[in-house]
Amino acid sequence: MSLWSRIANVFRNDCLSGEIDEELQSHIEEAVTHGRDPVEARRAFGSPLRQREASRDVKLAVWLDSLRADAVFGWRQLMKRKVTSAAAILSLALAIGACTAAFRLIDAMLWRPLPVSHPERLYVLAQAGIGPGGNWRISESSEYPLFRQLRAAVKDQAELLAISYSSRTDLTYGPDEEMEKAWRQYVSGWMFDSFGLKPAAGRLFTEIDDLTPGAHPVAVLSYDYWTRRFNKNPKAIGRTVRIDSTLYEIVGVAPEGFTGTEPGVGIDIFVPTMMNPYVTRSDASWFRPFVQLKPGVAAQPVLERLRVPFQANQEERSKDFKGRSRSVIANFLHQKLILEPAGSGTSDMQKDYRSALAALGVLVALVLLIACANVANLMMAQAAARAREMALRVSIGAGRWRLVQLVLVESAMLAVLAALVGGWFAWWAAPFVAGRIRPANDPAHLYLPADWRVLAFGLALTLCVTCLFGLAPALRASSVEPAGTLKGGDDPHSRRRTMHSLIALQVAFCFVVLFLAGLFVATSGRLSHQSTGFSSERLLTLDAVAARPQRQALWQQVADRLRAAPGVETVAISAWPLLSGNGSNGFIMLNGVPVNDTLAYFLGVSPGWLDTMRIPFVDGRDFRANDTSPNAAIVNQAFARTYFNGADPVGKWFERPQGTAFARYRIVGLVRDARYRNMREPITPTAYVPLAQSDPKMDPASETFIVRTASANPLALAQFLRRELPRARREFRVSNIRTQQELVEQQTIRERLLAMLGYFFAGVALLLAGIGLYGVLDYSVLQRRREIGIRMAIGAQAGQIARSVTADAFLMVLAGALAGLALGESLARYIASLLYQVKPGDAAMLVYPACLILAAALVAAVPAVIRAVRIDPIATLRQE
């Protein structure tokens, strides 16, 4: 028979048996027809059972039939112990689901290839070396004039692509009142063709669209944005959209699935690089240069050819450096080009969350190991209860491998059921966590499909889990000695030792999980509670823009109008809000000589801004209406410490290189330190300068109004102020409204997410460890009922019984805690280096998991102890 027929016969067992019986009966009837005695014919034919089994072995796949039989028997065993099976399935499902959800997040953020042709040949060109701040850094930013030179140098070996950093911008398809937000990206005109992408509608960019600055204001929509904004309406092609002050024509839609090269950010609209205002400037780095190798070309020769024009450009630029020390210039000249693989894209979110995702992976792996040890203990207890069954199977001819298969099939069924439940959990959990990576009004865009990658991971994980928790019980079940077991001579202490060892393993992993969770909670708490140096209460920030640069006096007129609005206490203006991530920096000179290599940060503010932000003065005065930049400056204490050795700088002068000239400032005030860009870096030396410019060419087209409200909820005034601002001057409009507290909280999103996950997995680990300990103690009491009955009969007290029942288990808890301490300390040293101001050796970090594990152990021991001390010695001995 063919293999497929034999496989099919496995699943038609009853029909096959009937066919075999009919065939055997026909042979006997044929012999009787030929004159043989029926009894003699049956005797000559042999045992019908043996003939039937021999025929079955020929007509079906024996190995598959044995698996089917084991699956049926295993299902009956699971149904026989519904509560125990459900507990095992749920604990495994939680662990498998967490692992699968973590894989989906890590895969979407770090590993999933871009939907382009040959992503393995895609690299990003970066510069490695010591940056202007004195720290080692890898910068992916580049200037377009340099990009042209680099592209020409390797045109026969690779294609270079300029792809800008994504930016959330205002755009409108109608009047200004209908402004909306969208993610924009400048890309080379030949990008789509190089990536092998075809349009979903219209056309994509060509190189002709990207040759002359400002010549081709065309745009391509992403498929997701086209679907979301236009419901896939083909009439969107040909419409115009205004971004900033430029009118673009929509010429096409990118293919489905391609949303740019930045994982975590879904680009809505692509425009040519030649439409960027900085495309001709050699001092502006605003895009990432990608390198796509041609077939058969290695990366290293391309890199060597790129280094020649790069080094020449560095040397030429360094000639124009004014006011920089020799060490800064030397570090600039020693920057090296490197090629980093970019087949999965590259983004700031990738870099920000790489360590967080690694920590999440460690957590879920540890929880999976705890769950497997838990279920392995359960299977060990069940194997002990079925020892006589296994001995009987061996006695009647079952082989060792047959017993291993029997137990492994039951374990696999548990794992498969848990994987199905865990898959549902992962389907919900991955988007849930992804939605908390970024603020709610701007969520992360991660592609989380349930495709073959996730399915393959799930299958591999299920197989791994089956081996982890099923192999040890299967081997123990197969090692049963029939003679000794059937006589009741099996050693229960051996099983208890194995189960106690698994408890120690659970406790060790649980300790590590709690240790890491404590680190996450601590870093979130320390980051959230540190001082910002200003008051964010009742503070509203209004990012405003104008169609063209406006004199500062007009901005001040708008501020006066807002100041008169009901519910407003004070209004001030700054170039951008504190802790928004924006910044402007430069080197400081005193009397024409660089002081040191530390960068100072600058922020343009209006008179009264410091009072609105509640940043107190130490000395000097606030800006006056006639102060301009460059002229006057107010500095913080870090500035005084860095450049004036802590002396009072009020009345002194400093210079800042600005292009080929120097801007000179007189310090008129000294204020306390305040956070500038983010909460993770030290307080930066900061100089606040007047927004009013002495050069009219420097008039701004965007600024931020800082409004302190009388109401405890500043957002209550948001819509009123949004309408009021253009009423003050028609050329102004609000681009974005946020509270200052929102900006502060955005600084800790990653840490708060890790703390939340830490709490969750710590609770799961404790629960699983507690359940595992309870199971072992309960099994121990059942196995020692006779011993406990004898002890109680000869006068043992309840305390002695409790100690005898729990002593071994608690010793394993202590051993596991010590092992977990050593493992957690070494692991936490690495993770703590990625977190904010956390020392893994802190006493609280050690006491926290130890106390929780002890509490869980005590809670788990109570039911077993109660059961032990309630044993009736007389009834127990009679039963025995």
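The values are calculated or read from the model by the stated rules, or taken from the named source; none is laboratory data. Remember, predicted model here, so these are calculated numbers, not experimental data. Using ideal geometry, Cβ is built from the backbone for each residue, glycine included, and neighbour counts are taken over all protein chains shown. These area figures cover heavy atoms from the full protein model, side chains too; ligands, DNA and RNA do not enter into them. Shrake-Rupley method; radii C 1.70, N 1.55, O 1.52, S 1.80 Å.
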| request: Could you compute the FRET efficiency for Ile749 and Val72, with r as their C-beta to C-beta distance and R0 at 51 Å, rounded to 0.05? | output: 0.50
| request: Between Leu90 and Cys467, with labels modelled 7 Å along Cα→Cβ, what's the label distance in nm to one decimal, could you check? | output: 3.0
| query | Hey, quick one: spin label on Leu823, modelled 7 Å out along Cα-Cβ, who in the range 76-90 has an amide N within reach, i.e. under 19 Å? | reply | none
| request: Let me have the relative contact order for the range 539-744, percent, based on Cα pairs under 8 Å that are six or more residues apart. | output: 38
| remark: If R0 = 35 Å, then Glu207 and Ala284, at their Cβ-Cβ distance, give a FRET efficiency to the nearest 0.05 of 0.95
| request: Enter the accessible area of Phe810 (Å², nearest 10), with the probe set to 1.4 Å and all protein chains included. | output: 60
| note | Amide H neighbours of Arg672 at under 5 Å, excluding residues fewer than 5 places away on the same chain, with H built from the backbone geometry, are Val618
| request: Work out Dmax and Rg for the chain from the C-alpha atoms and quote the Rg first, both in angstrom. | output: 36.6, 132
| remark: Under the helix-only model (-39500 (n - 2.57) for each DSSP H run of 4 or more, divided by the residues of the chain), the mean residue ellipticity at 222 nm, to 500 deg cm²/dmol, is -17000 deg cm²/dmol
| task | List the equivalent ellipsoid semi-axes of the range 191-283 in whole Å, largest first, each obtained as the square root of 5λ for an eigenvalue λ of the Cα gyration tensor. | result | 21, 15, 13
| the range 523-536 - phi-based ³J(HN,Hα) in whole Hz, Karplus 6.51/-1.76/1.60, Gly and Pro as x | 5, 5, x, 5, 6, 6, 9, 6, 6, 8, x, 9, 9, 9
| note | Averaging 1/r across every pair of distinct alpha carbons in the range 539-744 and inverting yields a Kirkwood hydrodynamic radius, in angstrom, of 17.5
| said: With every protein chain kept in place and ligands, DNA and RNA left out, what is the accessible area per residue of the range 588-645? Probe 1.4 Å, answer in Å². | reply: 40
| task | Taking only protein heavy atoms into account and a 1.4 Å probe, give the accessible area per residue of the range 119-348 in Å². | result | 43
| query | Using alpha-carbon positions, what is the distance between the centroids of the range 232-272 and the range 571-611, in Å? | reply | 36
| request: Treat the range 119-348 as a sphere of radius equal to its Kirkwood radius over Cα pairs and apply Stokes-Einstein at 37 °C in a medium of 0.692 mPa s; give the translational diffusion coefficient in µm²/s, rounded to a whole number. | output: 176
| query | If you stretched the chain out fully between Ser535 and Asp695, how much longer would it get, using 0.36 nm times the residue separation minus the C-alpha to C-alpha distance? | reply | 54.3 nm
| task | Rounded to whole Hz and in sequence order, give me ³J(HN,Hα) for the range 173-188 from the Karplus expression 6.51 cos²θ - 1.76 cosθ + 1.60, θ = phi - 60°, writing x for Gly and Pro. | result | 9, x, x, 4, 5, 9, 4, 9, 9, 7, 8, 10, 9, 7, 9, 5
| For the residue pair Ser501 and Asp320, what label-to-label distance in nm results when each label sits 7 Å from Cα along the Cα-to-beta-carbon direction? | 7.1
| request: Calculate what fraction, in whole %, of the accessible area of the chain sits on carbon and sulfur atoms when a 1.4 Å probe is rolled over the protein chains. | output: 57
| said: Relative contact order of the chain, please, whole-number percent, based on alpha carbon pairs below 8 angstrom and at least 6 residues apart. | reply: 15
| Where Rh is the Kirkwood radius over the Cα pairs of the range 632-706, the temperature 37 °C and the viscosity 0.692 mPa s, what D in µm²/s does Stokes-Einstein return? | 237
| Backbone HN-Hα couplings from phi across the range 768-774 [Karplus 6.51/-1.76/1.60, Hz, Gly and Pro as x] | 5, 5, x, 5, x, 5, 4
| request: Taking H placed 1.01 Å from N in the peptide plane, check which residues at least 5 places from Asn631 or on another chain put their amide H under 5 Å from its amide H. | output: Arg666
| Using the scaling law 2.2 N^0.38 Å as the reference, what is the normalised Cα Rg of the range 533-577? | 1.26
| Dipole magnitude of the chain about its Cα centre (Cβ charges: Lys, Arg +1; Asp, Glu -1), debye to nearest 20 | 1240
| query | Long-range amide H contacts for Val218: which residues qualify at under 5 Å (H placed 1.01 Å from N, peptide plane, sequence gap of 5 or more or a different chain)? | reply | Glu249
| task | Calculate the spin-label point distance for Val297 paired with Gln658, positioning each point 7 Å from the Cα along the beta-carbon direction, and give it in nanometres. | result | 4.4
| query | Roughly speaking, what is the stretch gain from Ala553 to Glu177, that is 0.36 nm per residue apart minus the C-alpha to C-alpha distance, in nm to one decimal? | reply | 132.9 nm
| message | Starting from 0.36 nm per residue, how many nanometres of slack lie between Ala330 and Arg723 once their C-alpha separation is accounted for? | response | 136.2 nm
| In range of the label at Glu304: residues from the range 317-344 whose backbone nitrogen is under 19 Å from the point 7 Å along Cα→Cβ | 336-340
| remark: On each of the three principal axes the extent of the alpha-carbon atoms of the range 700-778, given in whole Å and largest first, is 78, 28, 16
| task | Please give the FRET efficiency for Asp619 paired with Arg436, using the beta carbon to beta carbon distance and R0 = 35 Å, rounded to the nearest 0.05. | result | 0.20
| query | When the label point is put 7 Å from the Cα of Tyr165 along its Cα-to-beta-carbon vector, which residues of the range 544-576 have a backbone N closer than 18 Å? | reply | 575-576
| Over the range 74-149, relative contact order from alpha-carbon pairs under 8 Å, at least 6 apart, % | 13
